[in-house]
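Engineer: Structure below; questions to follow.
None of the figures in this text is laboratory data; all of them are computed from the coordinates on show. Since this is a predicted model, take the numbers as computed values, not measurements. In this analysis, Cβ positions are derived from the backbone assuming ideal geometry, glycine residues included, and neighbour counts consider all displayed protein chains.
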Amino acid sequence: MMIRYFIIAIYLGLTTYLIGQSYVSIPPWVRDKQLPPSTKGVTYRSFHEEGSSIEIIRESTKMALISELASKRGLDISGVQVLEKEKEKNYNSKGLKGITSSISSRKLYELKGESFIASFYLADEYFVEKNGMYQFWGLYAFTEDGKQLVFEPIEYTTEYGTPPIWRSALVPGWGQFYKKKTRRGIAILASESVLITATIICEKQRAVNIRKSAETLNIDIVKEYRKRADTWELRRNLAIGGAIAVYAVNLLDAALGKGQVKYAYIPENIGLFAYSDGQINQYGVQIKF
């Protein structure tokens, strides 16, 4: 009886750990190199640099983009004029299904060179500090050939809806993989596989001992086989209880646990858009079939 209570305590603790464990808010363009989708001629480009000052690194990534845009036209960076067009403040507003970019304000820049005009701004940034040094990632949005570029928020979310739940209901750990919690998915899938395998082995050994007890008339041998069968039955029941507990944890985590940060869509095949050409404002819904 004490063993059963011990097993229950372990899995209750595991449940609390899985549901309450924090996640790392690394944006997908840093974590998976997955850039936001390009719309209305807007293209995204990310840069990664290391240094002791965020301001210096940020300026360095900006110049790297300018150099890249100029070199595409066969120009040297010295032949490009950089103009600060406008600045938008208080950009960090809550998105419809999660958080937006963490940058509080943005500057819109325009590049002018021989035979081309380009516009860009820093759409998002992410950095990690260790021992006074920063690992910095900058995400830039830009347009070329004189196309208008307007500020648009990049929305993120940790909500994945119902797909993780039914995936985990079918295959334990599948929902965790879907939410990009790979290690947790592996742990759940491996635990469930081990416990199910243990259940099968224990039941097989229980049946073998029951069969052997029926093949002899020696009462002492019968008692020994029956005792062994009872031991294997207890182990089987513990394995079954563990498998049920892991399966329950798997479903709870799929339903309540936060996933890794991803781009927010409303839903994934439907998106809202807003466009302005300076004279006409357009709003609508984009549907992907």
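Engineer: Sort 165-175, 42-52 for me by packing, meaning the mean count of neighbouring Cβ atoms within 10 Å per residue, highest on top. Walk me through the intermediate numbers first.
Structural biologist: Details: 165-175: 19.7, 42-52: 15.8.
In decreasing order of mean packing, 165-175, 42-52 become 165-175, 42-52.
Engineer: Evaluated at 25 °C with a viscosity of 0.890 mPa s, what Stokes-Einstein diffusion coefficient in µm²/s does region 111-157 have when Rh comes from the Kirkwood expression over alpha-carbon pairs?
Structural biologist: Stokes-Einstein gives a translational diffusion coefficient of 190 µm²/s.
Engineer: So if the hydrodynamic radius of region 110-226 is defined as the Kirkwood radius over C-alpha pairs, what does Stokes-Einstein give as its diffusion coefficient at 4 °C and 1.567 mPa s, in µm² per second?
Structural biologist: Approximately 61 µm²/s, per Stokes-Einstein.
Engineer: Once you put a point 7 Å from the Cα of Gln135 and another 7 Å from the Cα of Asn218, both along the Cβ direction, what distance in nm separates them?
Structural biologist: According to this spin-label approximation, the distance is 6.6 nm.
Engineer: OK, next. Once all Cα-Cα distances of region 172-273 are split into 10 Å bins that start at 0, what whole-number percent is in each one?
Structural biologist: 15, 28, 20, 16, 11, 6, 3, 1, 0
Engineer: I need the calculated FRET efficiency for the pair Ser78 and Thr43, taking r as the beta carbon distance and R₀ as 22 Å, to the nearest 0.05.
Structural biologist: 0.40
Engineer: Ranking request for peptides 218-227, 236-245, 252-261: highest mean number of other beta-carbon atoms within 10 Å first, then the rest in descending order.
Structural biologist: Top of the packing list down: 252-261, 236-245, 218-227.
Engineer: Report the far tail of the P(r) of region 177-219, meaning the percent of Cα-Cα pairs longer than 15 Å. Present the calculation step by step, with values, prior to reporting the outcome.
Structural biologist: Values: 553 of 903 pairs.
Above the 15 Å cut-off, region 177-219 has 61 percent of its Cα pairs.
Engineer: Taking R0 as 41 Å, what's the FRET efficiency between Ile117 and Thr162 from their Cβ-Cβ distance, rounded to 0.05?
Structural biologist: The calculated FRET efficiency here is 0.35.
Engineer: On a 31 Å Cα-Cα criterion, which of the cross-link pairs Lys87/Lys258; Lys107/Lys130; Lys85/Lys130; Lys33/Lys130 come out too long? All intermediate terms of the calculation are to be shown ahead of the outcome.
Structural biologist: Numbers: Lys87/Lys258 34 Å; Lys107/Lys130 28 Å; Lys85/Lys130 35 Å; Lys33/Lys130 22 Å.
In this structure, Lys87/Lys258; Lys85/Lys130 exceed 31 Å between Cα atoms.
Engineer: Describe numerically, in nm with one decimal, the distance between label points set 7 Å from Cα along Cα→Cβ at Lys85 and at Val194.
Structural biologist: 5.8
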